[in-house]
Amino acid sequence: MNTIVTNYPSPPASQAIERADRKTIISIQNIGFQRLLHSAWERIPFYRRIWQSAGVDISLIKDLKDIINLPIITKKDLEQSLRDYPPFGDYQGDYPCYRIQASAGSTGYPKPIFHTSHDWDIITNFWARRLAAQDVRKGDMVQIAFTYALFIPAFTSTEGALKIGATIIPTGSGAVTASERQVEIAHRWGTTVVGTTGAYALRLAEVAEKMGYDPKRDFKIRVMFHTAEPLTEEMRARIEAKWGCKSYNNYGSVETGAPAWECCEQNGMHINEDGYYFEVVDPETGQPLPDGEQGALVVTSLFKEAAPVIRYMIGDIATIIDEPCKCGCTLRRIVKVAGRLDDMLKFKGVTVYPTSIESVLHRLQEVGDEYCIIIDSVDGQDQVILRVETIFKGEQLDQLHHKLQQALKVHIGVQIPIEFCSPGELQKELNVDQRIKSRRVVDRRK
Ligand SMILES: [Zn+2]
């Protein structure tokens, strides 16, 4: 058995965790869980309230095997808490708050999340682990093109990179540093690593090409790391082909921090299991599912003091596997993230995620990087339209239309009405240069 390390270290000390055996991981998780359970009961009215009304006796919850006796909470519970206990809700707990970050506010009011200095330190350690696994090294020039705002990953990735000795170029997203300037800085200052959403990585390649650069030849970029948006394999392939670099996915959110990351194998995202306990449950019944089965992810942040999540249904459908990874890391992996439950569409009786549509689109060289799915109500009926950019016209466009419909039918089982637009049109409409993260579904029914 490995030594038990329970202080959620950054690399290189985190190697002991990343290569620990299952028994050691479970011991560490149980230590964190017991501490969390009692601090939540004593200091966080939200959990005490919910557990009391569910009739939970926490003295009967001995270890993680008993966690299934705690109710699952959702985004709706946090939203209700915000309404009932304004302005911060009663899920933060009575801890000295070091800083507040919030959800990007895709719908409604942004959800504030308190962090103590301990929480912040650990989340940035987890970022350091991610980046080290993604070949970011001491001396790298790391350009952070995420939005520095209430949106958390710009700050946490910055501090994670600093912890491994990299130099930060904090350009922020296109909202504060224009895309042309981002490209110019990357070129002149010799950026070697870029942190950005996948969609913005493609946008930057396009801008670089327009400026007369060859993204592959004229830059020193070796690694791009992403978070905040789903990264399909097809999008990754586009990014890597354009920039001639490696592109890595990371899984997280403001409520959870930095739970999972891809290693050099790019084959699923390892969970920082000392700090997080992940379950997969049936989205309808909440019943736990075994490793290898697809279901809704439920997460518990074991290390957090303020605003921890305990059995939080994050809203993503995915699978967790416990199989050896070629990289040598023993931490379980999240694989096949199908998409957010919120983004799930029912179309002609078929369940469709925007990411599946994106996979189909990005396989075809003839269509651009941007797309959006419009849902509208026409004569009381829901109507879905897929909008994509292409340079094609006339007969070529008819052929593309046919090809795309065939591909949709084969890969997602349903054809969707398509509206083609010319290059740049969607970019303008979707405000690609300024946005914090992409929204693929535009619901005009409300
Ligand atoms: Zn691995």
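The values are calculated or read from the model by the stated rules, or taken from the named source; none is laboratory data. Since we're looking at a predicted model, the values are computed, not measured. A quick note on method: Cβ atoms are made from the backbone with ideal geometry, for glycine too, and the neighbour counts reach across all protein chains shown.
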Matching option when the condition is surrounded by 13 or more Cβ atoms within 10 Å (Cβ to Cβ) and touching a helix residue (DSSP H, G or I) at 6+ places or on another chain (Cβ under 6 Å), among GLU389, GLU425: GLU389
Exclusive hit being at pLDDT 95 or above, loosely packed, with under 15 Cβ neighbours inside 10 Å and outside any loop (DSSP other than H, G, I, E, B), set GLN52, GLN101: GLN52
Complete set of residues in segment 112-137 that are more than 29 Å from SER179 (Cβ to Cβ), in contact (Cβ under 8 Å) with a residue 12 or more places away in the chain and either assigned to a strand (DSSP E or B) or not aromatic (Phe, Trp, Tyr) (or both): PRO112, ILE113, PHE114, HIS115, THR116, SER117, HIS118, ASP119, ILE122, ASN125, ARG129
Tally, over segment 64-85, of residues that are part of a loop (DSSP other than H, G, I, E, B) and modelled with pLDDT of 95 or more: 4
Pick from segment 335-372, criterion modelled with pLDDT of 85 or more and over 20 Å from the mean Cα position of the chain (by Cα), ranking: farthest from ASN249 (Cα to Cα): GLU366
Residue in segment 264-301 that is farthest from the ligand (Cβ to nearest atom), counting only those that are among the polar types (S, T, N, Q) and under 18 Å from CYS329 (Cα atoms): ASN272
Hits in segment 338-353 (condition: assigned to a strand (DSSP E or B) and either of a type in the set (Ser, Thr, Tyr) or in contact with a Gly (Cβ under 6 Å, 6 or more places away or on another chain) (or both)): ARG340, VAL350, THR351
Any hit, segment 278-300, residues being of a type in the set (Ser, Thr, Tyr), outside any strand (DSSP E or B) and not assigned by TED's automatic domain parsing to the domain that holds ASP135: yes
Given (1) farther than 30 Å from ASP382 by Cβ; (2) under 19 Å from the mean Cα position of the chain (by Cα); (3) among the charged types (D, E, K, R), index of the condition GLU305 fails: (2)
Candidate set: segment 128-151, residues that are in contact with a helix residue (DSSP H, G or I) (Cβ under 8 Å, 6 or more places away or on another chain) and closer than 28 Å to ASN431 by Cα; chosen: the one nearest to the ligand (Cβ to nearest atom): VAL142
Selection within segment 138-181 - of a type in the set (Ser, Thr, Tyr) and part of a loop (DSSP other than H, G, I, E, B): THR147, TYR148, THR171, SER173, THR177
Residue match in segment 183-202 (condition: without any contact (Cβ under 8 Å) to a residue 60 or more places away in the chain, farther than 20 Å from ARG236 by Cβ and buried (at least 20 other Cβ atoms within 10 Å of the Cβ)): yes
Any hit, segment 311-319, residues being closer than 19 Å to ASP21 by Cα, among the β-branched types (Val, Ile, Thr) and within 16 Å of the ligand (Cβ to nearest atom): no
Where LYS220 falls short, out of the listed (1) touching an Asp or Glu at 6+ places or on another chain (Cβ under 8 Å); (2) over 30 Å from ARG340 (Cα atoms); (3) not hydrophobic (A, V, I, L, M, F, W, C); (4) not in a helix (DSSP H, G or I): (1)
Residue ID - farthest from LEU297 (Cα to Cα), chosen from residues in segment 225-266 that are polar (S, T, N, Q) and in a loop (DSSP other than H, G, I, E, B): GLN266
Of all residues in segment 56-86 being free of Cβ contacts under 8 Å to residues at least 24 places away in the same chain and closer than 25 Å to PRO290 by Cα, the one that is surrounded by the fewest Cβ atoms within 10 Å (Cβ to Cβ): LEU60
